[in-house]
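See below for the structure under consideration.
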Amino acid sequence: MIATSIKWTRHNLFGKPFDVVLSLLVIPGVLWLAYSITDWAFVSAKWGIIVQSLRVLMIGVFPADQAWRAWTASAIIGAILGAGLGCVFSFKPHHGLVLLLVPVLLLIVHGGLGNALPATGTVASTILGWALTSYVPLSRKVLPAAAFTGFIVIVAIMAPPGVGLWGGLLLSVLLTLVTSVLSLPIGILLAFGRQSRLSSLRIICTWYIEVMRSVPLILVVYWIWILMPVLAPQWGLADVARGMIGFTIFYSAYVAEYVRSGLQAVPRAQTEAARSLGMSEFDINRSIVLPQALRVVVAPLVGNVLDIFNSAPLVFIIGLTDFLRAGQMILANPQYGDRTFEVLSFLLATYFVIGSMITYAARKLEDHMATGTR
Amino acid sequence: MSAIVEMKSMNKFYGTHHVLKDIDLAVTRGEVMVILGASGSGKSTLIRCVNGLEMYQHGSLVVDGFEMPVEADRRLGGERELAQIRKGVGMVFQQFGLFPHKTVLDNITIAPMRVRKKTREEAEATAMKLLDRVGLRAHAHKYPGQLSGGQQQRVAIARSLAMEPHLMLFDEPTSALDPEMVGEVLDVMRELASSGMTMMVVTHEMGFAREVADRVVYIDQGSILEIGQPDEFFDNPKNDRARSFLARVLKH
């Protein structure tokens, strides 16, 4: 064992003179970096600020006495996401254990049940949703309807204190979900429109896509925020809704381009075979071309979801308090001025964990979609 | 003796390239017509015109009582005739054209359910009967990717038959197959021919042509050079180019 590791080290790290120099520089450097980070994270850092500000980070300026509304909403979101995951990837008990680490960690750090309760609720409902669709395949059939109802409930339950008060990680997640779900059908329609035989439709769709892809997201969001009250003053749309519309308008163009690349990847022979069976163009596109096209572009589409989530902080431009902005708000308090690293590290870690979970789910989704291909 | 397909001085161009030149051809009901010719001669294009996968520019083409619109009319929306024709005409392709994301059974039932508005039970019962006929009942719930080329092509034939066509078009159905699988597909086609199905077959299988065809058509550079009984054509071709074509393909 020791002999092989010495041999491995010799071969891989000290094989040539240049390797020796490189190893002598890099190995101590990495060790020092690891030591400093560990030392800071476990000795110097005062993580108490995260626990104290957890509510603000998670739900922004949502009133404290109404927080149960936001926690219920996040539990519903957890259940929907878990149930969605269960459709493509079976739940195993050890997944539950990993997820439960979050509330357990909170419990240990904070030493009180009150603060850990919302996290426990969200994690528990995620596990429940995941297990339900994993073990009861029949429940998958009602998922779209259930998810839609769940979303209505979320809006209904979060609206009373004022839609303008939505914020924190919850807002980031909601924005990402709404944008992803709405931009998919719009993007698909745009992609088909761009290939349409009607030249007017084709030109409109092409223009829309090209314009949206050549301007910055932040500009579109700001512009829609200003424009909506002018176009539809009677609707009195809240900032949050206007932000979601801006994001959806922008990201639909990107979805359209991904879907178009998928449509082009479907062999012409597929359309010809379907045509020769007498199928209508609508049926061909819906049942033959689109499923095969979407299968090809699962990875870029999920990348798009990740992109939406990571762009969510841009909503600060219209005065919303997303996750990142909530972190900045905490740091704006002079009392916490010296905790910059703690707060930013927490933001970084959370973004990283959520992003990794999205890509992980994407891999599982790709495996699931690969049915019928060798 | 009524013609199911009737072409009268049909012409097709790809841009300025004249692909089909003044084609006059009639296929009788119940007839098996094999179309021969070198690659690039226009034989695939000819049968692809019959179900409207290719458009023609001049002349006329009547399929199963419906007049196939010429290109200029189709651009203006002659889609109704097209749908009518396609319902009654099955087509089998060189590359099978099975839908890879659907099981064998779903591949067969989708068109009868969507186009003929059959219930799932009806469509599946028919599909299972057809799978029996092509010897693949046991593979109903597999995906096309799990089958061999020969099996896929038999599924493709069953899929076309599920629409109860009056006419079947075969576009080089065995050209993409490994040699040992050619036989099983030809057997199914032979059985189909003997059941009285009208067939237009583009193939390079000379043995099949000679045995099964009622008439053989030889095309070269977009023109029909010879039409005749298979024995007559193979033993005593009148046209020089047909003779040299046969000499080339029958040598081995």
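The values are calculated or read from the model by the stated rules, or taken from the named source; none is laboratory data. If you're wondering where the values come from, they're calculated on a predicted model, not measured in any experiment. Neighbour counts are summed over all protein chains in view; Cβ atoms, including those assigned to glycine, are modelled from backbone coordinates with ideal geometry. What goes into the accessible areas is simple: the full protein's heavy atoms, side chains included, and nothing from ligands, DNA or RNA. Shrake-Rupley method; radii C 1.70, N 1.55, O 1.52, S 1.80 Å.
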### Message
Return the residues of the range A:288-339 that are under 22 Å from A:Leu263 (Cβ atoms), at pLDDT below 90 and open to solvent by less than 20 Å² (accessible area, probe 1.4 Å); say none if nothing qualifies.
### Response
A:Val298
### Summary
Those residues of the range A:253-282 that are surrounded by 21 or more Cβ atoms within 10 Å (Cβ to Cβ), of a type in the set (A, V, I, L, M, F, W, C) and not in a helix (DSSP H, G or I) come to a total of 2
### Query
Assuming A:Val211 fulfils every condition listed in (1) within 21 Å of A:Tyr251 (Cβ to Cβ); (2) buried (at least 18 other Cβ atoms within 10 Å of the Cβ); (3) more than 20 Å from the chain's Cα centre (by Cα) apart from one, which condition is it?
(2)
### Query
Which of (1) open to solvent by 10 Å² or more (accessible area, probe 1.4 Å); (2) part of a loop (DSSP other than H, G, I, E, B) is the odd one out, the single condition B:Ala26 does not satisfy?
(2)
### Message
Against the conditions (1) out of contact with any helix residue (DSSP H, G or I) (no Cβ under 8 Å at 6 or more places or on another chain); (2) within 14 Å of chain A (Cβ to nearest Cβ), where does B:Val27 fall short? Just the number, please.
### Response
(2)
### Query
Quick check, is A:Phe250 more than 14 Å from chain B (Cβ to nearest Cβ), surrounded by fewer than 22 Cβ atoms within 10 Å (Cβ to Cβ) and either more than 18 Å from A:Thr179 (Cβ to Cβ) or of a type outside the set (A, V, I, L, M) (or both)?
no
## Note on the structure
The number of residues in the range A:1-33 that are open to solvent by less than 90 Å² (accessible area, probe 1.4 Å) and assigned to a helix (DSSP H, G or I) is 16
### Query
Which condition does A:Leu344 not pass, out of (1) within 14 Å of chain B (Cβ to nearest Cβ); (2) open to solvent by 60 Å² or more (accessible area, probe 1.4 Å); (3) hydrophobic (A, V, I, L, M, F, W, C), if it passes all the others?
(1)
### Query
Would you pick out the residues in the range B:45-101 that are under 12 Å from the mean Cα position of the chain (by Cα) and surrounded by fewer than 20 Cβ atoms within 10 Å (Cβ to Cβ)?
B:Gln94
### Query
Among helices (runs of 4 or more DSSP H) lying entirely in the range B:62-163, which contain 2 or more residues that are within 12 Å of chain A (Cβ to nearest Cβ)?
B:71-75, B:79-88, B:104-114, B:149-161
### Query
From the list A:Ile188, A:Ile152, which one is over 28 Å from A:Val98 (Cβ atoms) and open to solvent by 60 Å² or more (accessible area, probe 1.4 Å)?
A:Ile152
### Query
Quick one: B:Val185 ticks every box in (1) of a type in the set (A, V, I, L, M); (2) touching a Lys or Arg at 6+ places or on another chain (Cβ under 7 Å); (3) more than 27 Å from B:Ser39 (Cα to Cα) bar one, so which box is it?
(3)
### Task
Hand me the list of helices (runs of 4 or more DSSP H) wholly inside the range A:46-140 holding 1 or more residues that are under 30 Å from A:Leu331 (Cβ atoms) and in contact with a Leu (Cβ under 6 Å, 6 or more places away or on another chain).
A:54-59, A:67-88, A:113-135
### Criterion: among the charged types (D, E, K, R) and touching a Ser or Thr at 6+ places or on another chain (Cβ under 9 Å) - qualifying residue of A:Arg275, A:Arg197, A:Arg202
A:Arg202
#### Entry: helices (runs of 4 or more DSSP H) fully within the range A:286-333 counting 2 or more residues that are away from chain B (no Cβ under 14 Å) and not small (Gly, Ala, Ser)
A:298-311, A:323-332
### Query
When you look at A:Ala256, is it over 18 Å from A:Gly319 (Cβ atoms), modelled with pLDDT of 90 or more and touching a Cys at 6+ places or on another chain (Cβ under 8 Å), yes or no?
yes
### Query
Here are some conditions: (1) charged (D, E, K, R); (2) farther than 25 Å from A:Leu217 by Cβ; (3) touching a residue at least 40 places away in the same chain (Cβ under 8 Å). A:Arg325 meets all but one. Which one does it not meet?
(2)
### Task
Please work out if A:Ala116 is within 30 Å of A:Pro313 (Cβ to Cβ), of a type outside the set (D, E, K, R) and open to solvent by less than 30 Å² (accessible area, probe 1.4 Å).
yes
### Identity of the residue in the range B:164-182, of a type in the set (D, E, K, R) and within 14 Å of another protein chain (Cβ to nearest Cβ), that ends up surrounded by the fewest Cβ atoms within 10 Å (Cβ to Cβ)
B:Glu164
### Query
Picking from B:Glu79, B:Glu71, which residue would you name as being within 24 Å of A:Ala293 (Cβ to Cβ) and modelled with pLDDT under 90?
B:Glu79
### Task
Tell me, please, whether a residue that is out of contact with any strand residue (DSSP E or B) (no Cβ under 7 Å at 6 or more places or on another chain), hydroxyl-bearing (Ser, Thr, Tyr) and under 21 Å from A:Thr72 (Cα atoms) can be found in the range A:180-199.
no
### Summary
Flagged in the range A:191-201 as open to solvent by less than 90 Å² (accessible area, probe 1.4 Å) and either of a type outside the set (A, V, I, L, M) or under 30 Å from A:Phe151 (Cα atoms) (or both), in numbering order, are A:Ala191, A:Phe192, A:Gly193, A:Arg194, A:Gln195, A:Ser196, A:Ser199, A:Ser200
### Message
Taking the condition of being among the β-branched types (Val, Ile, Thr) and within 14 Å of chain B (Cβ to nearest Cβ), how many residues in the range A:253-270 meet it?
### Response
1
